[in-house]
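Scroll down for the structure; my scribbles are underneath it.
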Amino acid sequence: MLGPDLIRLALASGNPERARAVAAAVAGLAERNQVPSLTGAALRCRGLARDDPETLAAAVQACQVGTRPLELAGACEDAGAAYARHGHPDRARPLLDQALTIYERLDAGRDLARAEAALREAGLRRGRRGPRGRPASGWASLTPAERAVAGLVADGLTNPQIGARLYISRRTVQTHLVHVFAKLDIASRAQLAAQVTRHQ
């Protein structure tokens with residue numbers, strides 16, 4: 001669903017009227033179709049346009065009825081970030097944790113990095129979640145964040161560009177690359193790009 005992304009773009013460019021128009025259009029579509037994912041998208045759009053955490057939380061409830069985990073994760077992330085912005089970290093944390101769990105399960109590295117950034121901005125730490133059952137070396141040993149960094153290296157991005165894309169610092173990008181190189185037993189970005197190509 002493009003509605004939430006269009007609203008973010010409109011708000012980022014200082015056009016709240018366009019954000020409200022997109023929210024209204026998605027709401028009209030949802031009213032005509034009565035599909036849980038569209039209902040969730042309409043609530044999500046309205047909540048984003050108004051910066052209303054309660055409406056965004058209602059979007060989470062609507063998305064839980066549907067069958068689109070990525071939409072549910074996005075709704076959780078939006079609601080959690082809104083609660084954090086409004087000074088309610090206790091309400092933000094479970095929503096952001098749910099988003100992170102879904103992103104990890106879907107191997108959505110870029111979304112995962114963005115949600116982790118939202119958690120950090122809220123002053124919250126994720127902490128350990130028990131054994132991951134991941135091997136110590138080889139492609140399967142890479143975390144979703146490490147795979148996202150590796151993919152962007154293969155696309156030819158520099159560390160600062162990767163950091164901007166994934167909402168992490170250059171130092172964090174470098175740390176991920178050190179781990180990736182060690183796990184894959186490689187020494188160059190060209191070798192990493194070849195590994196990414198082989199596993200895509």
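Derivation of every value follows stated rules applied to the coordinates shown; laboratory data play no part. None of the values given here were measured: they were computed from a predicted structure. Every residue, glycine among them, receives a Cβ derived from its backbone with ideal geometry; neighbour counts consider all protein chains shown.
Once you have a ≥ b ≥ c as the square roots of the Cα gyration tensor eigenvalues for segment 139-199, tell me rounded if a/c is under 1.5, and otherwise prolate or oblate according to whether a/b is larger than b/c. Here segment 139-199 falls in the prolate category. Dividing the convex hull volume of the alpha carbon atoms of the chain by its residue count gives 131 Å³ per residue. Taken over segment 3-121, the convex hull of the Cα atoms encloses 89 Å³ per residue. For segment 130-180, the relative contact order comes to 35 percent (Cα pairs under 8 Å, sequence separation of at least 6). Site-free segments of the chain were taken between trypsin sites (Lys or Arg not before Pro) in DSSP loops having at most 14 other Cβ atoms within 10 Å, sites themselves excluded; the longest one is 1-124. Annotation for segment 86-172: chymotrypsin sites (Phe, Trp or Tyr not before Pro) lying in DSSP loop with at most 16 further Cβ atoms inside 10 Å of their Cβ are TYR167. Note on segment 39-56 and segment 172-200: Cα centroid distance 39 Å, given to the nearest whole angstrom.
Only Cα pairs under 8 Å and at least 6 apart count here; give the relative contact order of the chain as a rounded whole percent. Display every interim value, and only then the final one.
Values: 257 pairs, mean separation 24.7, N = 200.
Answer for the chain is 12 percent.
The orientation-averaged shadow of the Cα convex hull for segment 86-178, equal to a quarter of the hull surface, comes to 6.5 nm².
Suppose R0 equals 45 Å. What FRET efficiency, 1/(1 + (r/R0)^6) with r the Cβ-Cβ distance, do ARG189 and ARG85 give to the nearest 0.05? Working from the Cβ atoms, E equals 0.75.
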